[in-house]
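Since the structure comes first, as structure tokens, the remarks are kept for the end.
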Amino acid sequence: MNDELTIRPFTFSIDLDNCRITDADNHIKRNLTDMKNQYFYQEAYDMMVREDDTLLYEVYEKLVPEKSGELIQGLSIVHPGKVGKEYFMTKGHFHSIIDTAELYLCLKGKGMMVMETPEGEWAVEEMLPNKAVYVPGKWAHRSVNISDTDLMTLFIYPADAGHDYGTIIEKGFRKIVVEENDKPTIIDNPNWNL
Ligand code: F6R
Ligand code: MN
């Protein structure tokens, strides 16, 4: 927790070609092995892990004090690919302060934002360059790359929101996005809450 950090006004630039921001303070990388039991096609997952622990997605962040009133911002880059028929995706999470929202602006690629509430409502919004997705408070969210190029989004959310990954690791999302007849298709997650 860095809520004592002192900052001054700052700027950053987005390097669209290289999918990064200038002077990022954090660079997080997530590989296949960070997503154990999260993909539906378990055999395909095991086979892929044996071959190579593929890099699935990356996050670049600027550091700000993690306290109410400040905003965390950065870039999320989901690489293209599939595990079986399921597209590469982020872990997904609720925010620890559950009623905190987030704005995503798609800069490159094509994706879907899969969302759901603890009460069981769900929504999936397409992400296309220059299109923003507003994720209201209480909605868990996961980015899915449905194209064959990088999916790059800018995100902005309250700095004290925190992350609850546990609920999704345990239950999964109610909906998953798979390729069917060469098209991204939203289906019920057969493993939900098992
Ligand atoms: C922050 C946020 C994004 C994600 C990023 C990676 O609240 O929603 O910055 O952290 O897209 O996804 P996760 O965190 O689910 O691994
Ligand atoms: Mn979030």
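The values are calculated or read from the model by the stated rules, or taken from the named source; none is laboratory data. This structure is a prediction, so every number in the text was calculated from the model and none was measured. Please note: Cβ atoms are built from the backbone with ideal geometry, for glycine as well, and neighbour counts cover all protein chains shown. When the accessible area is computed, the model is the full protein with side chains, heavy atoms only, and any ligands, DNA or RNA have been set aside. Shrake-Rupley method; radii C 1.70, N 1.55, O 1.52, S 1.80 Å.
In the range 112-127, what residues are farther than 19 Å from Ile14 by Cα, open to solvent by less than 20 Å² (accessible area, probe 1.4 Å) and in a strand (DSSP E or B)? Before the answer, list the steps.
At the first step, the residues of the range 112-127 found to be farther than 19 Å from Ile14 by Cα are 112-126.
Next, only the ones that are open to solvent by less than 20 Å² (accessible area, probe 1.4 Å) stay: 113-117.
Passing the criteria: Met113, Val114, Met115, Glu116.
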Given (1) farther than 19 Å from Glu119 by Cα; (2) polar (S, T, N, Q); (3) within 16 Å of ligand 2 (Cβ to nearest atom); (4) open to solvent by 40 Å² or more (accessible area, probe 1.4 Å), where does Thr167 come up short, assuming only one miss? (1)
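Across the range 128-138, what is the number of residues that are within 14 Å of ligand 2 (Cβ to nearest atom) and either open to solvent by less than 70 Å² (accessible area, probe 1.4 Å) or touching a helix residue (DSSP H, G or I) at 6+ places or on another chain (Cβ under 7 Å) (or both)?
Within the range 128-138, residues that are within 14 Å of ligand 2 (Cβ to nearest atom) and either open to solvent by less than 70 Å² (accessible area, probe 1.4 Å) or touching a helix residue (DSSP H, G or I) at 6+ places or on another chain (Cβ under 7 Å) (or both) number 4.
Working carefully through the options Asp148, Asp99, find the one that is over 20 Å from Tyr57 (Cβ atoms) and open to solvent by 50 Å² or more (accessible area, probe 1.4 Å).
Details: Asp148 fails: over 20 Å from Tyr57 (Cβ atoms).
The conditions single out Asp99.
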Looking only at the range 91-114, how many residues end up being under 13 Å from the mean Cα position of the chain (by Cα) and closer than 20 Å to Leu71 by Cβ? 9
Among the numbered criteria (1) outside any loop (DSSP other than H, G, I, E, B); (2) open to solvent by 30 Å² or more (accessible area, probe 1.4 Å), which single criterion is violated by Lys67? (1)
Every residue from the range 22-54 that is open to solvent by less than 90 Å² (accessible area, probe 1.4 Å) and in contact (Cβ under 8 Å) with a residue 40 or more places away in the chain: Ala24, Asn26, Arg30, Leu32, Asp34, Met35, Gln38, Tyr39, Phe40, Tyr41, Ala44
